[in-house]
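Step one of this worksheet: look at the structure below.
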Amino acid sequence: MYCSIDDVLHEVHPTLKLQMEQDYADNFNSVIEAHIVKAEAFVNASLSRAYSVPLKKASSIVISAECKIAAYFAAAAFTEKEEILKDKYEIAKEMLDNVVEANNSLLVDEEFSQEEDEEENPKLLYGSNEQIFTSDELELW
């Protein structure tokens, strides 16, 4: 998992969190953890369009997206009024789309060197070198 239970609970309104804690009682942590697992699957599915997943080291943007999605899933399952966190969900989806569209530097926090990043998380899985098909090469066809 890219995020923790506490990370997800920071995304949930305190009143909702209290209600969930009371209703779920001893199962509270396992319920939140189950939503984190679902959120991670969503994150990995989104990122798999361009990256090798699961990530060994996730950046703060990926962690934040997973937290927002897990909070959305938890609220939707608990209240059946997912609209209260729908904005977080939409933002998280947009964040993941931006990571896929952006360069690989967004994937890993600055504290990790580029060499470590290349070993831990391979570069983009698609794309081509612009220089392979230059205008001169295309004219030969």
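The values are calculated or read from the model by the stated rules, or taken from the named source; none is laboratory data. None of the values given here were measured: they were computed from a predicted structure. Virtual Cβ from ideal backbone geometry, glycine too; neighbours counted across all protein chains shown. Protein only, heavy atoms only, side chains kept; ligands, DNA and RNA dropped before computing areas. Shrake-Rupley method; radii C 1.70, N 1.55, O 1.52, S 1.80 Å.
May I ask you to say which residue of Ile36, Ile61 is part of a helix (DSSP H, G or I), aliphatic (A, V, I, L, M) and at pLDDT 95 or above? Talk me through it step by step, then tell me what you get.
Details: Ile61 fails: at pLDDT 95 or above.
Within the list Ile36, Ile61, the selection yields Ile36.
Would you pick out the residues in region 47-57 that are over 8 Å from the mean Cα position of the chain (by Cα) and open to solvent by less than 20 Å² (accessible area, probe 1.4 Å)? Passing the criteria: Ala50, Tyr51, Leu55.
In the set (1) at pLDDT 65 or above; (2) buried (at least 18 other Cβ atoms within 10 Å of the Cβ), the condition left unmet by Ala41 is number (2).
For region 6-23, indicate whether the set of residues that are modelled with pLDDT of 90 or more, under 30 Å from Ala102 (Cα atoms), assigned to a helix (DSSP H, G or I) and open to solvent by less than 50 Å² (accessible area, probe 1.4 Å) is non-empty. Yes: one or more hits.
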